[in-house]
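Q: Right, I'll just put the structure down here and ask away after.
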Amino acid sequence: MTILRTENITKSYNDKTVIEDINIHLKEGELVSLLGVSGSGKTTLFNIISGLIMPDGGSVQLSDRDITGKPGSVAYMLQKDMLLPHKKIIDNVSLPLLLKGMPRKDARAHADKFFEEFGLEGTQYKYPNQLSGGMKQRAALLRTYMASDGVVLLDEPFSALDTLTKSAMHKWYLQVMEHISLSTLFITHDIDEAILLSDRIYIMSGAPGKIVDEIVIEEKRPRRDDFNLTPEFLEYKKRIISKL
Amino acid sequence: MSKAQSYAKYIPAAVALVGIILIWQLVCMTGIVPSYMLPSPVEVVKALASDIETIMFHAKFTLQETFYGLLIGIALSFIGATLMDRFGVIDRAFYPLMIITQTIPTIAIAPILVLWFGFDMAPKIILVVITTYFPIAVGLLDGYKSVDKDEIDLMRSMGAGRIAIFRHVKFPAALPHFFSGLKIASSYAVVGAVVSEWLGGFNGLGVYMTRMRKAYAFDNMFAVIILIIVISLLLLLLVNIISKAAMPWKKAERGNYE
């Protein structure tokens, strides 16, 4: 079932079209990547889907609701972890619930239930600067999950991490997705990351940014550990490179 | 850092201070400078001890002026800076005026304030407010502006309104800047209060000092100067304690992974 859909989204800044005619959709439980070079308007598209900015044309539908220009409907994780340095991890993570009007005590108790699942057990009462980069990213993901009704937008969430931490985070994220119902739209410019994680990949290219191809990754989940060494993987990679 | 190490870093400052006091005492004892011009440290301490009751009586007024002035200064600068941050027009209208108030010489305006508001505490408190408002307000404004725009976008994407963004992001981000401003303001405040007492009034350390000056009791004047230094240092210490209590995340250790 399609949970999120954009229809003919177009946006210009100062007469320069940044993205044009974007039609994408996300099904329930799916992980879909937006892959493209920098400057192809991926972040602009996310700002529109999250409701932070209005498109010049087109609309965003969540289930059957029109959420164009209405922030607070889908959870959005920006490139940096953006944890508030003055709040303990539990309060950072439960902030979205607090903003929805839940009392602090209930918000903390609800968020606390997910610490183990997210591998954050024991960090509840620490401050963000006491955590490593990977742990901060997990906490930011948990906060995003707390903010969501099942749909999350992730803007290059792992790009700031070193290679080893990054591949550990990939495995971890796929595991988490098995246990909680989550539909993810994911921005990346890392081709390997896109193929490893996604069910489908939209390739965005050019100025103005357009969707130039849609690739379905047939490999079933959970994926083999050596999936990135298989001929199929390289086939996907070749196809993507030819489009970028 | 161990406790012994953290004390060790104060040793050079302590040695320098004690050294200077010793040299001062020696200069006075050898009679190079006559004692009516420069009282020796021992004489200063004696003067402080012998006149302690009168000095404390006056100190009470100075402290009250400092305290009320600071409180009003904090309240006004908080309201002012928050409004300036919220409404660009107010910022553009009042920022230049705020800078102009800082260029007014305190010595020149204090007698005028006395003429307008009398010889009691009011003109002194007003002067303290004028001198303390600026550093605190500038600190707060810088703090509000230091917030990453992405952080505000993130809050908006979670459905937060202006008030929630202020409470959860802007205000806490401004706290460190606020306290730096407050540290500067609190030492200005004591000086401001004393200066305004110099220029007209019945009570306060400034009044006491003018009387002692007329009596050529330099030892008593020095005693008051030392008291003012002690008061300022204690005030700074108090601000430090409050700032640490208000920002517990600052002292949370870094690098304590997993």
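Q: When you check A:Glu178 against the structure, is it surrounded by fewer than 16 Cβ atoms within 10 Å (Cβ to Cβ), modelled with pLDDT of 90 or more and of a type in the set (Asp, Glu), yes or no?
A: Working: surrounded by fewer than 16 Cβ atoms within 10 Å (Cβ to Cβ): yes; modelled with pLDDT of 90 or more: no; of a type in the set (Asp, Glu): yes.
So A:Glu178 does not fit the description; no.
Q: Could you grab me the full set of residues in region B:206-254 that are within 14 Å of chain A (Cβ to nearest Cβ) and either among the acidic types (Asp, Glu) or within 21 Å of B:Val191 (Cα to Cα) (or both)? Lay out the reasoning, then the answer.
A: Here is the first cut: in region B:206-254, the residues within 14 Å of chain A (Cβ to nearest Cβ) are B:243-254.
Residue satisfying the conditions is B:Glu253 alone.
Q: Ok, one more. Going by what's in this entry, would A:Lys16 be described as crowded, with 20+ Cβ neighbours inside 10 Å, farther than 30 Å from B:Ala174 by Cα, more than 14 Å from every other protein chain (Cβ to nearest Cβ) and among the charged types (D, E, K, R)? Explain how you work it out, then say what you get.
A: Numbers: crowded, with 20+ Cβ neighbours inside 10 Å: no; farther than 30 Å from B:Ala174 by Cα: yes; more than 14 Å from every other protein chain (Cβ to nearest Cβ): yes; among the charged types (D, E, K, R): yes.
Here the answer is no, as A:Lys16 does not meet what is asked.
Q: So, restricting to strands (runs of 3 or more DSSP E) that lie completely within region A:141-244, which ones have at least 1 residues that are acidic (Asp, Glu), touching a residue at least 24 places away in the same chain (Cβ under 8 Å) and under 30 Å from A:Leu131 (Cα atoms)?
A: Values: elements: A:151-155, A:183-188, A:200-205, A:210-216.
Hits in region A:141-244: A:151-155.
Q: Can you pull out the residues in region B:17-45 that are part of a loop (DSSP other than H, G, I, E, B) and at negative phi?
A: Start the filter on region B:17-45 by keeping residues that are part of a loop (DSSP other than H, G, I, E, B), which leaves B:31-40.
Scanning region B:17-45 gives B:Ile32, B:Val33, B:Pro34, B:Ser35, B:Tyr36, B:Met37, B:Leu38, B:Pro39, B:Ser40.
Q: Within region B:53-148, which helices (runs of 4 or more DSSP H) (wholly inside it) include 1 or more residues that are under 27 Å from B:Phe166 (Cβ atoms) and over 16 Å from the mean Cα position of the chain (by Cα)? So that I can check it myself, show each step before the final result.
A: On the way: elements: B:88-103, B:106-117, B:121-145.
Passing ranges, in order: B:88-103, B:121-145.
Q: Quick one: A:Gln124 ticks every box in (1) without any contact (Cβ under 8 Å) to a residue 60 or more places away in the chain; (2) within 13 Å of another protein chain (Cβ to nearest Cβ); (3) assigned to a loop (DSSP other than H, G, I, E, B) bar one, so which box is it?
A: It is condition (2) that A:Gln124 fails.
Q: Just the residues that are surrounded by 20 or more Cβ atoms within 10 Å (Cβ to Cβ) and either outside any helix (DSSP H, G or I) or of a type in the set (S, T, N, Q) (or both), please, taken from region B:150-186.
A: Listed by number, the residues that qualify are B:Ser157, B:Met158, B:Ala160, B:Ser186.
The values are calculated or read from the model by the stated rules, or taken from the named source; none is laboratory data. Every value quoted in this text rests on a predicted model; they were computed, and no experiment measured them. A quick note on method: Cβ atoms are made from the backbone with ideal geometry, for glycine too, and the neighbour counts reach across all protein chains shown.
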